[in-house]
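Everything on this sheet refers to the single structure shown next.
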Amino acid sequence: MIKVQKKDGSMQDFDHMKIKNGILASGASEEQAESITMQIESWAPTAASNGVIGGSAIRSKVLEMLGEMNPAAKATFENYKKV
C-alpha cells in the first residue's frame, strides 16, 4: 500500500475516494474523475520513493490531467486550498 506524505509531514494511506471526491468537487464529471483517479492509482507506485509519495506530487499530476480533460475544473481544483 502506498503512503502519502502530507504537507505537515504526517502519513496517510493512499485513498482512491479522497482523490476522486476532490476531482468531483472541482466540477469534473464522474467519468473524468474516475479516469483520472485510476490513472493516478497506476502512476503513484512508479513515482513513489520507498512506498511514499508526496501529496503535492499527486496534486500536480491531477492538475496536469485535469488540464487536458477539463480546464474549468482544473482552475477550480487549483484554487482550492484545504483549510
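The values are calculated or read from the model by the stated rules, or taken from the named source; none is laboratory data. The shown structure was predicted, so the numbers you read here are calculated from the model rather than taken from an experiment. No Cβ is skipped: glycine too gets one built from the backbone with ideal geometry, and neighbour counts run over all protein chains shown.
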### Query
Restricting the search to the stretch 50-70, which residues are in contact (Cβ under 8 Å) with a residue 40 or more places away in the chain, small (Gly, Ala, Ser), surrounded by 14 or more Cβ atoms within 10 Å (Cβ to Cβ) and in a helix (DSSP H, G or I)?
Gly55
### Task
Tell me, please, whether a residue that is among the hydroxyl-bearing types (Ser, Thr, Tyr) and assigned to a helix (DSSP H, G or I) can be found in the stretch 8-26.
no
#### Entry: Output for the stretch 15-49, where each listed residue is in contact with a strand residue (DSSP E or B) (Cβ under 7 Å, 6 or more places away or on another chain) and either surrounded by 15 or more Cβ atoms within 10 Å (Cβ to Cβ) or among the aromatic types (Phe, Trp, Tyr) (or both)
Ala44
### Message
Residue under question is Phe77, and the condition is that it be touching an Asp or Glu at 6+ places or on another chain (Cβ under 9 Å) and either crowded, with 19+ Cβ neighbours inside 10 Å or modelled with pLDDT of 95 or more (or both); does it hold?
### Response
no
### Query
Within the stretch 8-18, is there a residue that is at pLDDT 95 or above, touching a Phe, Trp or Tyr at 6+ places or on another chain (Cβ under 7 Å) and over 21 Å from Ala75 (Cα atoms)?
no
